[in-house]
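Please treat every number below as a calculation from the coordinates, not as lab data. As the structure is a computational prediction, the values presented were derived from the model and not from experiment. All Cβ positions, glycine included, derive from the backbone under ideal geometry; neighbour counts span all protein chains shown.
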Amino acid sequence: MTRVQFYIMRQIAVATLYIAVTLTVVVWLTQSTRFFKLILNRGLSLDVFLELTALLVPSFLLITLPIALFLATVFVLTKMLNDRELVVMRSAGLSDLDLAMPVVALGFAGVTVCYFISLYLLPASFKQFRDLQDDVRNNFSVRLIQEGAFTNFGEKLTIYVRERVGDEVRGILVQDNRDTSRTVTMMAERGTVTFSETGPRVLMGRGNRQERDRATGRIATLYFERYSFDFALGKPRKRVYVKPNERFLGELLRPGDNPGDRRNRSKLIAEGHNRLIAPLYALTLPVLALVIMLAGQFNKRGQAVRIAFVLTAAGLCEGAAIGLSNAAAKQNALIPLAYANAVLPAVGGMVLLVRTDWLSAVAGFIERQVSGGAGEKGPAGA
C-alpha cells in the first residue's frame, strides 16, 4: 500500500471511529431511557444499570458500524474533492481503483468485525442481558423493599419498612392474608433480606407475630428475638423459549423440535440468515459511496447533488434490507433476495471501479444532474 493510500485509509478510519462511537452513544442513550424506571422505582444500582445497558451495545454496533463506514467514506471523499486532493492524486497517476482500495480494505475489516459481533458477541451478550434482566426483576431487595412505602404482593400480602440500609431494613410491618382461615400481622425492629430457593426471605429481629383466627376471632401473639419470614413466591420463572437474538447461528438455521421452535421456524431461519447478511453492508455501503463520489468531474459549485445521490442509494439499499428481512421472516423463499441486495451492489460497484468506461457512463449521468448542463468543471476524470 502506497503512502497516499495509507493517508486515505487513516482519514477514513479515524472518521469511522468517531462516527461509530457517536452513533452508538446516541442509540445507547435513547434505548437506556426505558431502564431509568428501574433506578427510580426499584432502587437499581448504577453499576447494575450500566452493566445491563452495556450488554446491548453489540446489537447497536452491528447497525452503526456499517453506517459509520459509509458516512466516513462520503465525508472524507467530499473533503478531498473540495480540497482538490483527488485532482492531485489522479494527476500523479492513481486510478479510481487505487483510490478505492483503502476503503475496500476497511470495508473487509468492518465485515470481519461485524461477523464476530453477529455470530458470537451478539447472542452471548443478549443471553447475559436476559439473565441479568431476570435477576433484576426477581430480586426482592431491588424490586420490593422501598423505605417509607407500603408494597403489595397481589391483594393478600403487604410489607412496610421505615428505613432501609443496604440489605438491612428497620421498622418492619407485614400483613399476611394469604391463608383463608387466619390473618397474620408481624412487626419487628429490624431485619435482613436473604434469598432462598423459594424466593426472598426476611430474617426479622426483636418483634412480635399476631395471628387472628377468622372463625373464632381469637388472637395469638408470639414475641421473638429472631424470626424468619418466607414470602413463598415460588422459584423464579425459568424461560422455556430461548429468543432468536440469544441463539447462535447453528441453533437458528436448525431449529429444534419443541413447540416454540416449530411455531417460529420461519422466523428463526430468517434470523440466522440475517446474521450472515447484515455484516456484508459494512462493505456494500462504502462501495456505493466510492462509485458515486469518485465518478465524474470535479465541480467548483460543490458536491451537494452527488451527496444526495449517494445518500439516496444507501437509503434505498438499507430500506430494501429492512423490508426483505421482515418479509423473509414470513416467507423464507425471499431469503435469496436479501442476499442479493447485500452482495450485488458491492460486486457491481467493484466492477465499475475496474471498468473505467462503464464508470464514465455512470459519471456522465451524475454530472448532468450535478451541473444541469452548465457550470465550471475541472479536467475530465478529475
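Hey, what did region 145-230 get for relative contact order, percent, Cα under 8 Å, at least 6 apart? All intermediate terms of the calculation are to be shown ahead of the outcome.
On the way: 204 pairs, mean separation 16.6, N = 86.
Taking the mean separation of contacting Cα pairs over the length of region 145-230, I get 19 percent.
Using a Förster radius of 51 Å, what is the FRET efficiency between Tyr339 and Ser91 based on their Cβ-Cβ separation? Nearest 0.05, please. Working from the Cβ atoms, E equals 0.80. With the simple spin-label model, which puts each label point 7 Å out from Cα in the Cβ direction, the Asn152 to Val26 separation comes to 4.3 nm.
Distance between the modelled labels on Val305 and Thr216, one decimal in nanometres: 9.8 nm (7 Å Cα→Cβ projection). Taking other C-beta atoms within 10 angstrom as a stand-in for reagent exposure, Ser91, Ser125 fall in the order Ser91, Ser125, fewest first. For region 243-254, putting each phi into the Karplus relation 6.51 cos²θ - 1.76 cosθ + 1.60 with θ = phi - 60° gives couplings of 5, x, 6, 9, 9, 7, 4, x, 5, 7, 6, 10 Hz, in residue order, rounded to whole numbers and with x for Gly and Pro. When Leu132, Leu157, Leu65 are arranged by Cβ crowding within 10 Å, least crowded first, meaning fewest neighbours, the order is Leu132, Leu157, Leu65. Residues Phe129, Phe70, Phe49, ranked from the fewest to the most other C-beta atoms within 10 Å, line up as Phe49, Phe129, Phe70. Once the chain from Ala109 to Ser266 is taken as fully extended at 0.36 nm per residue, the excess over their C-alpha distance is 53.4 nm. Simple spin-label estimate for Met1 and Tyr223 gives 8.2 nm between the two label positions (7 Å along the Cα-to-Cβ direction from each Cα).
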